[in-house]
1. Binned at 5 Å from 0, what are the whole-percent values of the Cα-Cα distance distribution for the stretch 105-193, short to long?
2. Can you give the FRET efficiency for LYS218 and ASN91, using 1/(1 + (r/R0)^6), R0 = 25 Å, r = Cβ-Cβ distance, to the nearest 0.05?
3. Tell me, what ³J(HN,Hα) does each residue in the stretch 105-118 have, in order and in whole Hz, if you take phi through Karplus 6.51 cos²θ - 1.76 cosθ + 1.60 with θ = phi - 60° and put x for Gly and Pro?
4. So how much slack lies between LYS40 and ARG205, counting 0.36 nm per residue of separation and subtracting their Cα-Cα distance, in nm?
5. Simple spin-label model, 7 Å along Cα-to-Cβ: HIS192 to THR140 in nm?
6. Per q in 0.19, 0.20, 0.28 1/Å, what log10 I(q)/I(0) does a Debye calculation on the alpha-carbon atoms of the stretch 83-155 return?
7. Which FRET efficiency value, to the nearest 0.05, do you get for LYS121 and HIS183 by plugging their Cβ-Cβ distance into 1/(1 + (r/R0)^6) with R0 = 22 Å?
8. Mind giving me the nanometre distance, one decimal, between the label points for GLU48 and THR80, set 7 Å out from Cα along Cα→Cβ?
Amino acid sequence: MKIWEKHRKRQWIGFYSGGYLAAFLTVISFSGLFMDFNEKGPMNVGHENISCDDCHQKAPGTLRQQLQAKVSYLLEARQTDAVFGHLPVSNQDCLFCHERANDPHPVYRFIEPRFVEKRKKIKAQYCSTCHKEHTGLRITNDTQFCQYCHEKLSIKKDPIDIPHTQLIKDKKWTSCLGCHDYHGNHIYTSPHKTSDMIPEEELIRYFKGLSSPYPKEKKNEPLKRRH
Ligand code: HEC
Ligand code: HEC
Ligand code: HEC
Ligand code: HEC
Ligand code: HEC
């Protein structure tokens with residue numbers, strides 16, 4: 001074997017073993033393989049009594065299969081990345097218990113191409129945009145997000161004392177939730193007088209986890225268990 005050939009062979013060996021080593025180290029460091037599945041923070045209001053696997057579904061396959069899949073992904077022999085331990089929590093996990101047939105703002109609606117510009121302002125296609133779990137809160141958004149989609153609203157024969165167009169002109173975006181529940185799941189009739197609105201302070205307290213200012217009766221009650 002010529003000396004340069006030997007040299008090249010060694011380079012290849014080095015390249016491959018280096019590649020495997022790098023892949024292995026990446027697996028170890030990013031997989032969370034050796035991390036405990038400890039709670040991340042307090043459960044959100046309402047979720048005190050549901051269990052971890054109501055939301056965190058086990059990833060398919062054994063640990064060894066998951067590891068093999070990860071290595072093939074890193075070596076580009078597999079197109080999709082492997083998931084360890086648990087799958088990421090998705091809309092579907094939430095909707096399993098919170099299916100609301102008449103939601104005027106269902107997450108899937110906002111996947112449509114016509115909402116591409118709105119999505120840059122608010123990712124209304126994900127529950128987690130407004131409800132982040134393990135924060136102990138109910139709603140992590142501000143109270144003014146209606147502005148991203150309803151800025152051009154005008155209503156014929158507007159029934160309220162200060163018309164919607166006026167509220168919008170004056171940028172009274174906190175007023176909207178004072179008369180409308182976003183998911184429309186409460187048995188609730190929007191008032192016609194701005195003096196009957198739910199005050200903003202009450203909404204903020206509710207967002208943070210205190211009692212709800214909307215009527216208790218709901219059109220769809222959530223399931224209490226998934227399994
Ligand atoms: C109501 C649904 C829900 C329940 C119940 C729940 N979680 Fe979570 N958890 C989430 C969401 C959403 C995230 C955000 C990351 C994600 O999407 O996986 C998360 C993140 C985590 C993370 C961080 C994972 C990461 O990749 O950042 C850990 C650890 C965790 N949860 C543990 C628990 C444990 C332990 C329990 C039970 C005591 C529990 N969770 C119950 C929804 C839930
Ligand atoms: C196992 C079923 C289950 C799953 C899964 C679940 N929830 Fe819940 N959720 C409940 C129950 C039960 C309540 C308490 C409802 C009540 O008090 O009316 C609740 C309460 C809530 C509340 C507060 C309700 C209120 O009236 O203010 C929000 C917000 C919420 N869940 C969002 C989510 C989101 C987002 C997810 C996904 C990350 C999720 N839930 C997953 C069952 C579930
Ligand atoms: C753009 C923000 C936003 C998104 C996205 C969002 N929510 Fe909400 N959610 C709110 C607001 C605001 C309220 C309070 C008003 C109300 O009750 O509708 C609320 C209230 C709730 C409630 C209590 C009232 C009820 O309907 O029982 C639950 C449960 C809930 N959300 C679950 C979800 C789930 C599950 C998803 C995803 C499928 C989701 N939300 C997506 C903003 C959002
Ligand atoms: C991501 C965009 C988006 C956001 C944010 C949004 N909406 Fe809507 N909303 C819509 C769409 C789309 C409809 C369906 C009607 C339409 O096509 O104009 C709708 C419908 C409604 C309706 C009529 C419901 C019915 O039963 O006909 C009300 C009331 C409403 N929204 C109030 C609000 C309030 C209050 C907020 C803020 C808390 C809000 N919306 C935030 C997009 C949005
Ligand atoms: C004083 C209470 C009140 C306030 C404040 C209010 N609304 Fe309304 N809104 C109503 C009533 C009443 C209706 C008539 C339909 C009904 O009864 O739900 C309505 C209807 C709507 C509709 C349905 C329009 C249609 O063509 O059917 C949308 C969308 C809407 N409001 C969005 C908003 C937004 C966005 C804001 C904040 C700028 C807001 N509303 C503030 C009471 C209110």
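1. So the P(r) values, bin by bin, are 3, 12, 19, 23, 21, 15, 6, 1, 0.
2. The calculated FRET efficiency here is 0.80.
3. 10, x, 4, 5, 4, 7, 7, 4, x, 5, 9, 4, 6, 5
4. Numbers: separation 165, 0.36 × 165 = 59.40 nm, distance 2.29 nm.
Stretched fully, the LYS40-ARG205 segment lengthens by 57.1 nm.
5. Label at HIS192, label at THR140, 4.1 nm between them.
6. Relative scattering, expressed as log10 I(q)/I(0), comes to -0.96, -1.04, -1.45.
7. 0.65
8. 3.9
Each reported figure results from applying straightforward, stated rules to the coordinates on display, with no laboratory input. Just so it is clear, the structure is predicted and the values come from calculations on it, not from any experiment. Cβ coordinates were reconstructed from backbone atoms using ideal geometry, including for glycine residues, and neighbour counts include every protein chain displayed.
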